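See structure below.
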Amino acid sequence: MDSPSPAAVLAARRIAVSFMAAVSAVGVTAPLASAEPVGVPVGAGRHTPQAPLAVPRIPFTDATVTRQRDGSFAVSWKAPGVGSVTVYVGDKAVAHGGAEAAVTVRGLPAADRQWFRLAPDRGDPLTVADRSLHLEGTANFRDAGGYRTADGRWVKMGVLYRSNSLHTLTDADLATLQRLSIRTDFDLRSPNERAVAPDRVPAGARYVVASVHGGHDTTGLPATAGASEQRMVASYRRLVSEPSAIDAYRSLFRLADDPGSYPLAYHGEGGKDRTGWAGAALLTALGVDRGTVMRDYLASNDHLAAHHAATLAEQTPGTAARLKPALDARAEYLNTAFDEVTARFGTFDAYLRDGLGLSERVLERLRGALLTG
């Protein structure tokens with residue numbers, strides 16, 4: 001995100017920033033390796049959406065996990081055509097339901113992440129977790145996976161993470177990321193941003209930089225809210241067309257193509273603009289539909305809501321009105337980037353091939369490593 005003004009930048013730096021069943025459970029959380037985040041590669045497909053498989057290996061069309069404030073977990077799913085689903089944590093069954101259900105699981109032991117294996121009575125199981133890592137210092141650090149593709153496969157969780165800036169990570173956060181074995185910290189920020197707020201890199205992780213906007217930092221706050229919106233729209237066009245952006249996203253895709261980089265965390269400053277296009281491009285390349293891609297992008301508004309509200313409250317009404325467009329993730333912004341893909345390259349496949357220089361072999365290998373089912 002471009003810096004609006006010195007005062008706003010200082011403030012923005014603080015942006016870290018159908019039935020129900022209650023079940024008590026005691027068990028061991030599934031470790032990363034057994035939770036399907038980095039499994040054996042499966043067959044790959046093209047980006048262009050295809051007709052859903054007649055009999056998907058994984059029958060789930062939707063599945064989500066949300067950690068509640070009281071420490072319990074809300075787990076929901078839809079699996080048309082199955083008779084029942086059993087929910088496991090480790091090797092212990094903690095809940096049951098039908099083809100479509102929502103359950104609450106309580107009493108689980110403390111863990112950095114709780115993994116839930118949804119086992120249907122027919123078809124393959126699906127392992128999911130809450131996308132948010134609920135870190136203390138970085139509110140928008142979340143899993144980039146857990147989404148269904150157009151051909152019925154799922155993006156693995158525990159492999160790719162998206163985040164806002166990591167300079168506000170606490171010691172406890174760093175310990176959590178080290179236990180989760182984060183191997184790569186991919187920083188999309190400008191040299192100046194990195195100098196002012198250097199990342200706190202988890203022990204054992206490789207630090208990689210690729211500035212989306214090169215050495216360019218936009219300063220100053222536009223005179224009106226409308227002008228601020230237009231600057232954001234223009235910045236999203238640059239995410240697709242600017243040479244430094246093309247280089248940066250090419251580097252990210254190539255790192256994502258290397259299993260030795262997993263788990264990989266990529267981020268910008270707020271985790272919604274440069275990071276937002278990174279997530280949208282990766283998910284689209286993997287075959288996730290546009291509506292789901294948009295929901296993942298807009299989720300930054302929820303994760304950053306409290307911090308953005310505090311930032312705006314510190315401003316005068318006029319300044320807040322001009323700053324808000326720069327803090328928001330808006331459908332208009334992301335659609336602008338997709339429109340730029342069409343204008344510049346014709347299709348998203350052409351953007352991947354001709355813009356980012358990714359061969360079909362690389363893309364198939366990427367899908368094989370990051371998709372399950």
Once amide hydrogens are built 1.01 Å from N within the peptide plane, the residues lying 5 or more places from THR127 or on another chain with amide H under 5 Å from its amide H are LEU118
Across the alpha-carbon set of the stretch 204-319, Rg over Rh with Rh taken as the Kirkwood radius works out to 0.99
At the level of C-alpha centres, the distance separating the stretch 181-223 and the stretch 271-299, in angstrom, is 20 Å
For LYS272, the lysines lying under 25 Å Cα to Cα, once residues fewer than eight places off in the same chain are dropped, come out as LYS156, LYS324
Counting only residues 5 or more apart in sequence or on a different chain, those whose built amide H sits under 5 Å from that of TRP115 are ALA30
Sequence order, the stretch 322-329: Karplus ³J(HN,Hα) from phi using 6.51 cos²θ - 1.76 cosθ + 1.60, θ = phi - 60°, Hz rounded, Gly and Pro as x, gives 7, 7, 4, x, 7, 8, 7, 9
Listed by chain and number, the aspartates and glutamates with an alpha carbon less than 17 angstrom from that of LYS78, same-chain partners under 8 positions apart left out, are ASP62, GLU100, ASP121, ASP124, ASP130, ASP151
As a Kirkwood estimate from alpha-carbon pairs, the stretch 134-228 has a hydrodynamic radius in angstrom of 15.4 Å
One finds the C-alpha centres of the stretch 224-258 and the stretch 156-173 to be spaced, in Å, by 21 Å
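Each reported figure results from applying straightforward, stated rules to the coordinates on display, with no laboratory input. Predicted model only: the values in this text are computed from it and were never measured.
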